[in-house]
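What follows is one structure encoded as structure tokens, with my remarks underneath.
Every read-out reported here was derived from the displayed coordinates using simple, explicitly stated rules and does not represent laboratory data. For clarity, every value in this text was computed on a predicted model and none was experimentally measured. All Cβ positions, even for glycine, are placed from backbone atoms using ideal geometry, and neighbour counts span all protein chains on display.
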Amino acid sequence: MRVQNAAVKPFDVTRLEDEVRDVVQQRQPPVQAVDYTPRTTAPPVPEYVSHREDVTEIGKLSAEAIVKEYEATAKEIEAMGEFVKEMVQRCEQLTASSAAMLKDIKLTAMRYRKEGKRMFNEIESCSTTTDEVRKLCESFRDRVVTKASEGAT
């Protein structure tokens with residue numbers, strides 16, 4: 001035996017229809033009317049092409065579409081060329097600054113060699129002077145010893 005709960009009401013289709021109708025009437029229509037805008041003319045084909053007289057409209061449109069894609073690609077290639085041109089200019093600037101740096105490097109190396117030669121000559125001169133002073137001191141000492149031994153005898 002089935003016992004129905006008094007709190008649960010049976011499904012009422014008319015009530016559902018009324019609710020749907022109310023919701024639909026409250027909402028704006030999902031599609032808004034669009035003002036008519038006249039069609040603009042398509043951009044002209046590049047100046048290096050022109051239509052032949054015996055071509056159908058579909059052939060003309062297809063040819064236009066293709067040549068426009070090729071033209072857009074050609075413009076991208078030209079833009080890439082400009083980028084490469086800028087890179088070449090930067091390389092030329094780098095080459096010029098590198099030449100100046102190499103000149104500075106050679107001058108610096110030449111100055112170091114000149115300073116090395118000066119130091120070499122200075123050291124040899126000091127060595128010669130030191131040797132002369134040493135010989136002079138030995139000679140003086142020998143004279144002092146000789147004079148001292150002559151005076152003792």
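Assorted remarks:
- With respect to the chain, whose longest principal axis is taken over its alpha-carbon atoms, helix 13-26 is tilted by about 60°.
- With semi-axes defined as the square roots of five times the eigenvalues of the C-alpha gyration tensor, the equivalent ellipsoid of the chain measures 109, 44, 12 Å, largest first.
- At R0 = 35 Å, FRET efficiency that the Cβ-Cβ distance of T146 and S125 yields, to 0.05: 0.65
- Lysine pairs within segment 28-153, Cα separation less than 28 Å, 8 or more sequence positions apart or different chains: 11
- Long-range amide H partners of V49 with built H, under 5 Å: none
- Value at 222 nm in deg cm²/dmol, rounded to 500, when DSSP H runs of n ≥ 4 in the chain each add -39,500 (n - 2.57): -27000 deg cm²/dmol
- Relative to the longest principal axis of the Cα atoms of the chain, the long axis of helix 57-152 lies at roughly 20 degrees.
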